[in-house]
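Notes follow once the structure below has been shown.
The values are calculated or read from the model by the stated rules, or taken from the named source; none is laboratory data. Given the structure is predicted, the values throughout are model-derived calculations rather than measurements. Methodologically, a virtual Cβ is constructed for each residue, glycine included, from the backbone with ideal geometry; neighbour enumeration extends over all protein chains shown. SASA here: full protein model, heavy atoms, side chains in, ligands and nucleic acids out. Shrake-Rupley method; radii C 1.70, N 1.55, O 1.52, S 1.80 Å.
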Amino acid sequence: MTILCVRFQLPPMYEAALPGLLGLLEEFTPVVEALPPDGALADLRGAERYFGRSAVELAAVIRVRALALYGVDCVIGAAPGPMLARMALRDARPGVTCAVPEGPDAVTEFLADRPVSALPGVGTATARTLCEYGLDTLGRVAAAPLSTLQRLIGAKAGRELHEKANGIDRGRVVPNAVSRSLAAERPFPLDELDPDRHRRALLSAAEELGTRLRALEKVCRTLTLTVRYADLPHSRTGSSGGTPISTTRSRTLAEPTAHSAALTKTAYGMYEALGLQRARVRALALRAEGLAPAAQASHQLTFDPVDDRVRRIEEVADRARAKFGPRAVMPGTLAA
């Protein structure tokens, strides 16, 4: 084992402790990739040799230190690669590290009976297409001819899926920092079932992110939506039949942007794709990731005068907010 995928069990929407917990991981290895809002990947190849302990043994030490120093428990998956570590995390529970054995046969056995949707990067539409042709488990996908997968989902996607289903993990841990992203959180005073209130919360969060990005003269490349549900009693047990406490979805934007309308449209799209039906939502969060200087970003020009007017209005609204406060200008839906 060389890669750990760690999810810290932080209180809902409490990301302030994450930088300190990342610092704890960096005491073992400098190769740490933050996975906001509450996780990280850590490459322990050098740490295993330096400390003379396996990744699973180091995971136990990390867990004890997180509890002792921050009062935060964590669940950890260990595997030879980042993709497998993420998948192992789903089977982990507090106090027990889920480890994927090394070796092609062991990895194949670990993946074989898992649903195709369990593979990172496989979305709902791709999973539905594969299931329609009987490719509902990773074992069946691995056994399918490469040409068949490429006909179903495309040449590049089919090749990547075939490799991943066969346990070929080409990912790597890329060191980063939480500061490379911005988050806006919208908790509800009571568990909220109304989709219209969910959408208003997303609109408010997207407006906040857009305003902050423009103030920093930054643009983002990716938007991540986290939906936290009511903490049902049976969900705390971690049983497979329980309701998940949260769902996270990410989407790469068509072009890097700080435009509130574009962020709102993307947030709505991710929310609608979840297909929530009377879900008791406790909080919603949006995170802008892959930040870059706005001066280096390109913008596709259009012949639509509406887009230009909206952007000019946005500039005026930003100046008004800077002078009179964040609530000086806001969408009518939120003002109501």
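Restricting attention to segment 35-56, the residues being without any contact (Cβ under 8 Å) to a residue 40 or more places away in the chain and over 27 Å from residue 246 (Cα atoms) number 7. Among the candidates 247, 243, 222, the residue that is surrounded by fewer than 18 Cβ atoms within 10 Å (Cβ to Cβ), at pLDDT below 85 and closer than 26 Å to residue 75 by Cβ is uniquely 243.
Out of curiosity, is residue 78 farther than 30 Å from residue 187 by Cβ and in a strand (DSSP E or B)?
Values: farther than 30 Å from residue 187 by Cβ: yes; in a strand (DSSP E or B): yes.
Here the answer is yes, as residue 78 does meet what is asked.
Can you find a residue in segment 182-194 that is within 28 Å of residue 119 (Cβ to Cβ), open to solvent by 40 Å² or more (accessible area, probe 1.4 Å) and either within 19 Å of the chain's Cα centre (by Cα) or free of Cβ contacts under 8 Å to residues at least 60 places away in the same chain (or both)? No. Among residues of segment 281-297 that are closer than 17 Å to residue 222 by Cα and among the acidic types (Asp, Glu), those with a Cβ under 9 angstrom from a residue that is at pLDDT 85 or above and open to solvent by less than 40 Å² (accessible area, probe 1.4 Å), sequence gap 6+ or separate chain, pair up as 289/220; 289/222; 289/223; 289/224. Among the residues of segment 124-139, those that are out of contact with any strand residue (DSSP E or B) (no Cβ under 7 Å at 6 or more places or on another chain) and either of a type in the set (Ser, Thr, Tyr) or in contact (Cβ under 8 Å) with a residue 12 or more places away in the chain (or both) comprise 124, 126, 127, 129, 130, 131, 133, 135, 138, 139.
Conditions (1) farther than 25 Å from residue 20 by Cβ; (2) more than 21 Å from the chain's Cα centre (by Cα); (3) open to solvent by less than 30 Å² (accessible area, probe 1.4 Å); (4) among the small types (Gly, Ala, Ser), marked per residue:
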position: 73; (1), (2), (3), (4): no, no, no, no
position: 77; (1), (2), (3), (4): no, no, yes, yes
position: 89; (1), (2), (3), (4): no, no, yes, no
position: 102; (1), (2), (3), (4): yes, yes, no, no
position: 110; (1), (2), (3), (4): yes, yes, no, no
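Do we find that residue 328 is open to solvent by less than 90 Å² (accessible area, probe 1.4 Å), within 16 Å of residue 215 (Cβ to Cβ) and at pLDDT 75 or above in this structure? Considered against the rule, which asks whether it is open to solvent by less than 90 Å² (accessible area, probe 1.4 Å), within 16 Å of residue 215 (Cβ to Cβ) and at pLDDT 75 or above, residue 328 comes out as no. Looking across segment 137-152, just one residue is surrounded by fewer than 17 Cβ atoms within 10 Å (Cβ to Cβ) and either of a type in the set (Val, Ile, Thr) or at pLDDT below 90 (or both), and that is 148.
Looking at segment 36-58, is at least one residue part of a loop (DSSP other than H, G, I, E, B), open to solvent by 40 Å² or more (accessible area, probe 1.4 Å) and modelled with pLDDT under 90?
In the first step, residues of segment 36-58 are kept if they are part of a loop (DSSP other than H, G, I, E, B); the result is 36-38, 44, 52-54.
Now drop any that are not open to solvent by 40 Å² or more (accessible area, probe 1.4 Å), which leaves 52-54.
Now drop any that are not modelled with pLDDT under 90, which leaves none.
Checked segment 36-58: no residue is part of a loop (DSSP other than H, G, I, E, B), open to solvent by 40 Å² or more (accessible area, probe 1.4 Å) and modelled with pLDDT under 90.
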